[in-house]
1. Going by the conditions given, is Asp74 charged (D, E, K, R), surrounded by fewer than 11 Cβ atoms within 10 Å (Cβ to Cβ), modelled with pLDDT under 90 and out of contact with any helix residue (DSSP H, G or I) (no Cβ under 9 Å at 6 or more places or on another chain)?
2. Listed residues Ala108, Ala67; which is surrounded by 14 or more Cβ atoms within 10 Å (Cβ to Cβ) and either farther than 22 Å from Arg34 by Cβ or aliphatic (A, V, I, L, M) (or both)?
Amino acid sequence: MTRCTAILRPLVATAANAHLAFSLPGEQTPVPRRVKDYIDISEFTSLDDLIRYLQTIRDNLPEGHEAEMKIRGDEVFGKRLTITYFREQTPEEDELETKYAGSEADDADIEELRHKLDEVPYRAADRKQR
């Protein structure tokens with residue numbers, strides 16, 4: 001029995017080197033965000049199927065993918081090949097990140113609150129020995 005499973009799990013990552021963006025002095029160009037995707041291939045795959053599957057993956061990788069392949073897992077849960085690569089964010093992912101990402105003003109407010117809390121005197125409560 002041959003079986004090949006692929007599981008895609010996106011992980012958002014900032015891509016500082018995603019694309020070289022050229023701009024005029026004083027002009028800011030946003031750096032595009034990229035997502036790190038994972039493809040897992042189970043250990044129950046024939047060699048011919050594995051070769052075809054890897055060729056298909058390679059042929060469909062986006063430009064600037066920085067793909068890597070590793071063997072993961074252990075003897076108890078089984079081993080698998082894991083291929084990781086970078087791709088551009090989809091418009092839906094970009095919309096969700098914009099919706100849920102905190103702004104710089106929020107970060108500044110949180111940092112200010114943290115400093116205020118650091119200045120609050122703390123006295124350890126007396127604990128009764130049992």
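The values are calculated or read from the model by the stated rules, or taken from the named source; none is laboratory data. If you're wondering where the values come from, they're calculated on a predicted model, not measured in any experiment. Cβ sites come from the backbone with ideal geometry, for glycine too, and all protein chains shown count toward neighbours.
1. yes
2. Ala67
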